[in-house]
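What follows is calculated from the coordinates using simple rules that are stated; it is not laboratory data. This one's a predicted model, so the numbers in the text were calculated from it and none came from an experiment. Here the Cβ positions follow ideal geometry from the backbone for every residue, glycine too, while neighbour counts run over all protein chains shown.
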Amino acid sequence: MNLIQLDLNLLKVLYVLLQTGSTGQTARRLAITPSAVSHALGRLREALNDPLFRREGNQQIPTPFACTLKEKLVPLFVSLNEELFGEDENEKRTFRVVIPPAINTLLTPVLANKGSIIRPRCNAYRLNVGLGGMICWKIKST
């Protein structure tokens with residue numbers, strides 16, 4: 001199988017499931033049934049030859065392979081969304097940037113500088129996240 005043969009709607013389900021960790025929440029966000037989410041996940045598991053998630057209580061925990069896919073899907077979906085649907089220059093936005101600690105000191109000043117050029121009225125708040133030591137910045141336009 002290759003990308004042309006893969007139903008790209010399955011990637012949308014995977015993207016949302018990686019964000020929510022819940023079949024039910026994914027179904028609500030996509031306006032489909034939990035059964036449809038489970039069916040899509042089954043098709044993805046078969047196509048990608050990986051279980052993708054394991055259940056722990058009510059949560060779906062991603063496999064290491066699913067985590068590597070998340071690293072690639074998030075920027076792809078964000079950039080496609082911005083390209084296709086754009087944004088209003090005056091619209092207030094809040095977004096998060098997750099940075100590995102090793103490059104935080106190098107990348108943060110660059111992001112802050114570029115952010116202030118693009119959107120002069122931005123506030124950044126550092127949030128500590130226990131996700132493998134990653135550092136999360138919440139950036140809010142005013």
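Brief remarks on what is shown
- Simple Cβ-charge dipole of segment 1-83, Lys/Arg +1 and Asp/Glu -1, about Cα centre, in debye nearest 20: 240 debye
- Chain lengthening between LEU76 and ALA102 when straightened (0.36 nm per residue, less Cα-Cα): 7.1 nm
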